[in-house]
1. For all pairs of alpha-carbon atoms in region 154-225, what percent lies in each bin of width 10 Å, listed from the first bin to the last filled one?
2. List, in the order given, every pair from 188/217; 164/203; 107/191; 168/191; 107/168; 107/203 whose Cα-Cα distance in the structure shown is over 27 Å.
3. Only counting other Cβ atoms within 10 Å, I'd like 100, 200 sorted with the fewest neighbours first.
4. Could you work out, for region 49-108, what percent of all Cα-Cα pairs fall into each 10 Å distance bin, beginning at 0 Å and stopping at the bin that holds the largest distance?
5. In sequence order, what are the phi-derived ³J(HN,Hα) couplings for region 97-102 according to the Karplus relation 6.51 cos²θ - 1.76 cosθ + 1.60 with θ = phi - 60°, rounded to whole Hz, with x for glycine and proline?
6. Could you tell me what a quarter of the Cα convex hull surface of region 68-193 works out to, in nm² with one decimal place?
7. Ranking 98, 113, 84 by Cβ neighbours within 10 Å, fewest first, what do you get?
8. Tell me, 88, 210, 137, 93 in order of fewest to most beta-carbon neighbours within 10 Å?
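We did not get these values from a lab; they are worked out from the coordinates using the rules stated. This one's a predicted model, so the numbers in the text were calculated from it and none came from an experiment. Ideal geometry is used to build each Cβ from the backbone, glycine not excepted, and the neighbour counts take in all protein chains shown.
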Amino acid sequence: MAKETNKQAEVNVAEVVSRSEAFITTNKKGILGGIGAVILLIVAVMCYNNFISAPRETKAAETLAGAERLFAAGQYELALNGDSLETVGLLDVIEEYSGTKAGNLAKAYAGISLAQLNRYEEAIEYLDAFSADDAMVGPAVLGTLGNCYAQLGQEEKAASTLMKAASKADNNSLSPIYLLQAGQLYEKLGKAGDAIDAYTQIKENYSNSVQASDIDKYIERAGLQ
């Protein structure tokens with residue numbers, strides 16, 4: 001029975017992230033020009049208490065709910081540290097409920113919040129600490145991690161991380177975004193072959209995606225390097 005409830009909780013996480021919106025923001029350090037960073041906005045409240053009977057897990061989920069609402073509203077600083085209304089911040093949830101599902105999810109929220117606040121090194125720390133094998137959560141966090149590396153000028157590491165995120169996601173929503181970013185990074189690094197490979201994967205594997213509509217121009221441009 002415990003295994004069944006845990007599976008339900010994992011499905012709930014996947015459903016939340018699949019409804020999330022990934023978008024590209026302008027690169028603020030001028031490293032990648034128009035590439036920007038993919039920031040995952042998880043907008044739904046995680047109702048762990050519907051699935052988990054252990055008292056500590058339930059308490060952790062209830063405590064996280066307030067920070068989730070602040071996160072969904074784009075109030076990232078408050079989400080991290082809590083507010084004057086006695087809402088516990090993500091950082092406190094991580095510390096107080098280490099080892100719980102809610103504590104783990106709080107690391108993803110914290111990493112994304114820090115990335116939105118341009119605190120990329122701190123974001124990497126929390127994104128790296130997040131543990132998820134889920135088919136949607138894991139790739140999304142990996143993608144955000146890759147973009148944090150890009151913002152810090154670690155372009156080689158960023159590109160390889162984005163390629164891993166695309167492979168792990170293997171869907172029309174996230175994979176083409178990560179592949180396009182990786183391709184542009186490889187072009188920046190002068191690795192035309194790797195760039196063409198990333199772009200070609202979009203054309204061949206995700207032909208129904210938005211990114212595929214004009215991918216030929218990217219392939220042609222990389223081929224001229």
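1. 25, 56, 19, 0
2. 107/191; 107/203
3. By the 10 Å Cβ count, ascending: 200, 100.
4. 27, 55, 17, 0
5. Result, rounded to whole Hz: 10, 4, x, 9, 5, 5.
6. Mean projected area of the Cα convex hull: 7.9 nm².
7. Ranking 98, 113, 84 by Cβ neighbours within 10 Å, fewest first, gives 84, 98, 113.
8. Placing the least packed residue first, the sequence is 210, 88, 137, 93.
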